[in-house]
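The values are calculated or read from the model by the stated rules, or taken from the named source; none is laboratory data. All figures in this text were calculated on a predicted structure; none of them were measured in a lab. Don't worry about glycine lacking a Cβ; one is built from the backbone with ideal geometry, like all the others, and counts go over all protein chains shown.
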Amino acid sequence: MGDLPSAVLFCCTLNSVRSPMAEGLMKRVHGKRIFVDSVGVRPGYLDPFMVAVMEEVGVDLRRHIPKVFEQLEDESFDFVVSLSPEAQHKAVELTRTNACEVEFWPTFDPSLVEGNRENRLDAYRQVRDDLMTHILKRFPPGGMARE
């Protein structure tokens, strides 16, 4: 297996749905082997649908506090994954002077789905499952973390 990064940042527009999902899933897969954080371009809020679908897979994000790039305590990431076009621009700007890989995983924003509760939850579940597929493929559990 290939080397894994030692620190990964997931970013999206508000840090309320996609990037916290990715952060929680990555932590579930890799535990404390890899430092993982998430941010948004603009301030967001804790999305209850996101919390609900993550609890379904055993990831508790009830205490997640959305934050923006400017609130990062450390910018020393080996790998940045952006999940929205707006976040991709900010990620490229952040890493302009860092030796860091940036990947864009275009990810649908499930908060745009309207309809009844179950239809909306299904959209969130689809995003969660798609993110898990990406994470397992890009950061396989058997890989070695870089020190």
If you scan the range 10-22, which residues turn out to be surrounded by fewer than 24 Cβ atoms within 10 Å (Cβ to Cβ) and in a helix (DSSP H, G or I)?
none
Output the number of residues of the range 106-121 satisfying the condition of being of a type outside the set (Ser, Thr, Tyr) and either under 14 Å from PHE79 (Cβ atoms) or surrounded by 14 or more Cβ atoms within 10 Å (Cβ to Cβ) (or both).
6
Here is a check on your reading of the model: is GLY40 on the phi > 0 side of the Ramachandran plot and at pLDDT 95 or above?
no
Considering the range 65-74, residues that are closer than 22 Å to ALA99 by Cβ and out of contact with any Phe, Trp or Tyr (no Cβ under 9 Å at 6 or more places or on another chain), and then whichever is modelled with the lowest pLDDT, we arrive at GLU73
Considering GLU70, GLU93, GLU103, GLU75, which residue is assigned to a strand (DSSP E or B) and surrounded by fewer than 16 Cβ atoms within 10 Å (Cβ to Cβ)?
GLU103
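For (1) over 22 Å from PRO43 (Cα atoms); (2) of a type outside the set (Ser, Thr, Tyr), each residue gets a yes or a no:
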{"residue": "PRO66", "(1), (2)": "no, yes"}
{"residue": "LYS90", "(1), (2)": "no, yes"}
{"residue": "THR97", "(1), (2)": "yes, no"}
{"residue": "PHE108", "(1), (2)": "no, yes"}
{"residue": "SER111", "(1), (2)": "no, no"}
{"residue": "GLU118", "(1), (2)": "yes, yes"}
{"residue": "ASP122", "(1), (2)": "yes, yes"}
{"residue": "PRO141", "(1), (2)": "yes, yes"}
So, in the range 122-147, of the ones that are in a loop (DSSP other than H, G, I, E, B) and of a type in the set (D, E, K, R), which residue ends up modelled with the highest pLDDT?
ARG146
GLY58, sole failed condition from (1) modelled with pLDDT of 95 or more; (2) of a type in the set (Gly, Ala, Ser); (3) buried (at least 18 other Cβ atoms within 10 Å of the Cβ):
(3)
